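One structure below.
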Amino acid sequence: MQHLIFYSFASILLFTSMMVIIVRNPVRAALCLVLSFFTSAAIWLFLEAEFLAITLVLVYVGAVMVLFLFVVMMLDIAETPLQEGFTRYFHVGIFVAFVITIEMIAVLGASHFGLGILPSPIEHPEGYSNTKALGRLLYTIYVYPFEISAVILTVAIVAAITLTLRKKKRKTQDPADQIKVCREDRIRIVKMSVASPQKDNEEVES
Amino acid sequence: MIFQVINMSFALPEIFMMVMACIVLLVSAFMGKDSSSVSYWLSQFTLLITAFIIYLSISGTGGITFYGSYIKDPLSDILKLSICIINIFVLSYSWYYLKVRNLFNGEYYALATFATLGMLIMVSSTHFITLYLGLELLSLCLYAMVAMKRKSAMATEAAMKYFILGALASGMLLYGMSIIYGATGSLSLASISTAIQIGHLDNTVLSFGLVFLTIGIGFKFGAVPFHMWLPDVYHGAPTAVTLFISTAPKIAAFSMIMRLFVDGLENLHQYWQGMLIVLSVLSMIIGNVVAIAQTNLKRMLAYSTISHVGFLLLGVLSGTNEGYAASMFYVLIYALTTSGSFGMIILMGRNGFEADNISDYKGMNERNPWFAFMMLILMFSMAGIPPMAGFYTKLMVIKSLISVDLILLAIIAVLMSVVGAFYYLRMIKVMYFENPIEQIKLQAPIDIRILFSSNALLVLLIGIFPSSLMTICITIFS
């Protein structure tokens, strides 16, 4: 039963990941990516990595991909130019993929990573919390890498703002300036001679 | 779980630099339009103080802290110190370049400081995760810096290429790391090393992982056949950024190969030696031959970088302490010389004009004999002509090859440096024996002239008295 579920999830994952690249419509590609994230979360559940599985669904499917979908839908991305050169390099690509697959089958198969060589994972005791174990590791042993990733995120946001901020002159109100205004700033009183035939004294707005 | 007391004092340079990088960022955010000079001086101050902190701690004891993710040893001290010093040079050139063209604000210096932090982290990591994160921190800053000139189509294209290929290379590197982790059951380089030494490991799996690690390193170095991004990025990026990419990150890349291949996987030497031989021979041949055909100085220097990377790998692949020391000496001198060469391009340029064509240097000797002479020193050093520093670096690398009986490789290296001498000497011919096209005087202010002259004279000085730096490199690996 477990095998059946695993293989069905795995084949869905492979299929959808392929579709992400092959499908012409960007919205469909993004949706396929959502499905592939979801199935890999399911596979992680098999590995008893509940926390990672839930985070993958919440963060990637729930937040990142939804945002991504919005962006893809808002930008009117032309479909055809993305596929340029696809047929031209198709043969080479297939050949390289074939060679790599053969190599990976040769190396990553049961003869090198089978149960006879590596010990099977330890059964966790009742009440074992994945989240707790991860949290404990992150804030003790991996505290240094954890801090570095914080710096990386800072750099990412700095870079994103630097590359996208357009410096426009914005029309904004400044209440302090508005209050400070006095009559003399706005109105100029001009004295004119009475002898002039047409005009009387008048207030001229500056 | 056992709690260790983390020795924070080892990581003082990184901590200081991170705090200061945040301050530079805040200053440039709050000061707005006119922040560039303040953040420039602040980042120079940061580099100087960090260099000073590292210098003070050189004599102190080394060790591993942060639960085996951070190492302080002589190698990390010297490399960090040189990264800081090289970056002081680089930022000074950049400042002049950016000020004249009125480009970029304080963010540039904030990103540069963060990139330096990434390099420091890489240099003193003994753990796959730390190494990878340091590399990503560095690369992210570099991608952003290349793309910062948004209106230039060339810079955008360069940034795009750099970003995509860089991401691909990081993926390869991670895949290799995960395979090695699968085989040895550890991410820490020290325990990987002992696991391999004890034996009973599957060499097929290890060498499979090693292939991906080599590809990742090859990409980051720009070794053939993973060099495609390098000429385009060097050419497309603003010269100040090219200067930044081509100097200190190479030192960090050297530390990456030393940490991964020597600290972690030295027992697999027979496997990685072959791969590195292929990379280095191809790099030397393609780099030197294609450089001949270039008319753009930045592109020519990019191909010359590829050939230098080939040379640098020669020392590492010899697998002896002598070879590692030779490579380290090579990368330090290379960074210094390159900073001078790109500095010359910056010095010659002015607002709206990049002096990046070789023909722009025609008759330099008539226009300004002193700077033509300085450029001559740098080109001689690149070509490896005595008494410049470049000669001793090449000599040391070739000596280390001969001592492990890789005579054929040594012959190829010598032949290729003869080919390489052609385009460096052509540059000198253009400067000394051709008539100038324009008679405009150099406009650079006195401080940048002094900086460039001292940079070039330093190359000459190390060439005349190479023993002190050489001894430092040799003692690190003995």
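Within segment B:66-80, the set of residues being more than 14 Å from chain A (Cβ to nearest Cβ) and either in contact with a Phe, Trp or Tyr (Cβ under 6 Å, 6 or more places away or on another chain) or of a type in the set (Gly, Ala, Ser) (or both) comprises B:76 only. Considering (1) facing chain B (nearest Cβ under 9 Å); (2) modelled with pLDDT under 85, the lone condition that residue A:124 does not fulfil carries the number (1).
Go through segment B:363-478 and tell me which helices (runs of 4 or more DSSP H), entirely inside it, have 1 or more residues that are in contact (Cβ under 8 Å) with a residue 24 or more places away in the chain and basic (Lys, Arg).
Working: elements: B:364-367, B:369-383, B:389-403, B:407-433, B:446-464, B:467-476.
Fully inside segment B:363-478 and qualifying: B:364-367, B:389-403, B:407-433, B:446-464.
Taking residue B:27 and the conditions (1) within 14 Å of another protein chain (Cβ to nearest Cβ); (2) more than 30 Å from residue B:264 (Cβ to Cβ); (3) open to solvent by 60 Å² or more (accessible area, probe 1.4 Å), which numbered condition does it fall short on, given that it satisfies the others? Looking at each condition in turn, residue B:27 falls short on (3). Yes or no: residue B:143 open to solvent by 10 Å² or more (accessible area, probe 1.4 Å) and within 14 Å of chain A (Cβ to nearest Cβ)? Answer is yes for this residue.
Of the set (1) surrounded by fewer than 19 Cβ atoms within 10 Å (Cβ to Cβ); (2) within 14 Å of chain A (Cβ to nearest Cβ), all apply to residue B:194 but (2).
Taking the stated definitions as given, is residue B:85 in contact with a strand residue (DSSP E or B) (Cβ under 6 Å, 6 or more places away or on another chain), at pLDDT 90 or above and either assigned to a helix (DSSP H, G or I) or open to solvent by less than 30 Å² (accessible area, probe 1.4 Å) (or both)? Before you say what the answer is, go through the steps one by one.
On the way: in contact with a strand residue (DSSP E or B) (Cβ under 6 Å, 6 or more places away or on another chain): no; at pLDDT 90 or above: yes; either assigned to a helix (DSSP H, G or I) or open to solvent by less than 30 Å² (accessible area, probe 1.4 Å) (or both): yes.
Spelling it out, it is not the case that residue B:85 is in contact with a strand residue (DSSP E or B) (Cβ under 6 Å, 6 or more places away or on another chain), at pLDDT 90 or above and either assigned to a helix (DSSP H, G or I) or open to solvent by less than 30 Å² (accessible area, probe 1.4 Å) (or both).
Looking at this structure, is residue B:155 in a helix (DSSP H, G or I), over 20 Å from the mean Cα position of the chain (by Cα), aliphatic (A, V, I, L, M) and closer than 25 Å to residue B:349 by Cα? Answer is yes for this residue.
Of these, B:92, B:59, B:76, which one is open to solvent by 10 Å² or more (accessible area, probe 1.4 Å), closer than 23 Å to residue B:336 by Cα and among the hydroxyl-bearing types (Ser, Thr, Tyr)?
Working: B:59 fails: closer than 23 Å to residue B:336 by Cα; B:76 fails: open to solvent by 10 Å² or more (accessible area, probe 1.4 Å).
Going through B:92, B:59, B:76 in turn, just one is open to solvent by 10 Å² or more (accessible area, probe 1.4 Å), closer than 23 Å to residue B:336 by Cα and among the hydroxyl-bearing types (Ser, Thr, Tyr): B:92.
The condition of being within 14 Å of chain A (Cβ to nearest Cβ) and either charged (D, E, K, R) or open to solvent by 30 Å² or more (accessible area, probe 1.4 Å) (or both) holds for only one of B:111, B:103, that being B:103.
Can you tell me which residues in segment B:122-136 are open to solvent by 10 Å² or more (accessible area, probe 1.4 Å) and within 7 Å of another protein chain (Cβ to nearest Cβ)? The answer is B:129, B:133, B:136.
Here the condition is being loosely packed, with under 12 Cβ neighbours inside 10 Å, modelled with pLDDT of 80 or more and outside any helix (DSSP H, G or I); of A:157, A:141, A:189, it holds for A:189 alone.
Within the bounds of segment A:164-175, is there any residue that is open to solvent by less than 100 Å² (accessible area, probe 1.4 Å), within 14 Å of chain B (Cβ to nearest Cβ), over 28 Å from residue A:45 (Cα atoms) and not acidic (Asp, Glu)? Yes; the residues of segment A:164-175 include at least one that is open to solvent by less than 100 Å² (accessible area, probe 1.4 Å), within 14 Å of chain B (Cβ to nearest Cβ), over 28 Å from residue A:45 (Cα atoms) and not acidic (Asp, Glu).
Is it true that residue B:204 is in contact with a His (Cβ under 9 Å, 6 or more places away or on another chain), free of Cβ contacts under 8 Å to residues at least 24 places away in the same chain and outside any loop (DSSP other than H, G, I, E, B)? Judged against the criteria, residue B:204 is a match.
Residues of segment B:349-362 that are open to solvent by 10 Å² or more (accessible area, probe 1.4 Å) and assigned to a helix (DSSP H, G or I): B:358, B:359, B:360.
If you go through segment A:54-61 one residue at a time, do you hit one that is at pLDDT below 90, surrounded by fewer than 16 Cβ atoms within 10 Å (Cβ to Cβ) and in a helix (DSSP H, G or I)? Among the residues of segment A:54-61, not one is at pLDDT below 90, surrounded by fewer than 16 Cβ atoms within 10 Å (Cβ to Cβ) and in a helix (DSSP H, G or I), which makes the answer no.
Specify which of the listed residues (B:54, B:6) is open to solvent by less than 50 Å² (accessible area, probe 1.4 Å), within 18 Å of residue B:125 (Cβ to Cβ), in contact (Cβ under 8 Å) with a residue 40 or more places away in the chain and within 23 Å of the chain's Cα centre (by Cα). Lay out the reasoning, then the answer.
On the way: B:6 fails: within 23 Å of the chain's Cα centre (by Cα).
Selected residue: B:54, the only one of B:54, B:6 that is open to solvent by less than 50 Å² (accessible area, probe 1.4 Å), within 18 Å of residue B:125 (Cβ to Cβ), in contact (Cβ under 8 Å) with a residue 40 or more places away in the chain and within 23 Å of the chain's Cα centre (by Cα).
When every residue of segment A:129-138 is checked against the conditions, at least one turns out to be loosely packed, with under 15 Cβ neighbours inside 10 Å, more than 11 Å from every other protein chain (Cβ to nearest Cβ) and in a loop (DSSP other than H, G, I, E, B).
The values are calculated or read from the model by the stated rules, or taken from the named source; none is laboratory data. Note that the structure is predicted; figures quoted are calculated from it, not measured. Quick reminder, even Gly has a Cβ in these numbers, built from the backbone with ideal geometry, and neighbours come from all protein chains shown. Each accessible area value is taken on the protein alone, full model and side chains, heavy atoms only, with ligands, DNA and RNA left out. Shrake-Rupley method; radii C 1.70, N 1.55, O 1.52, S 1.80 Å.
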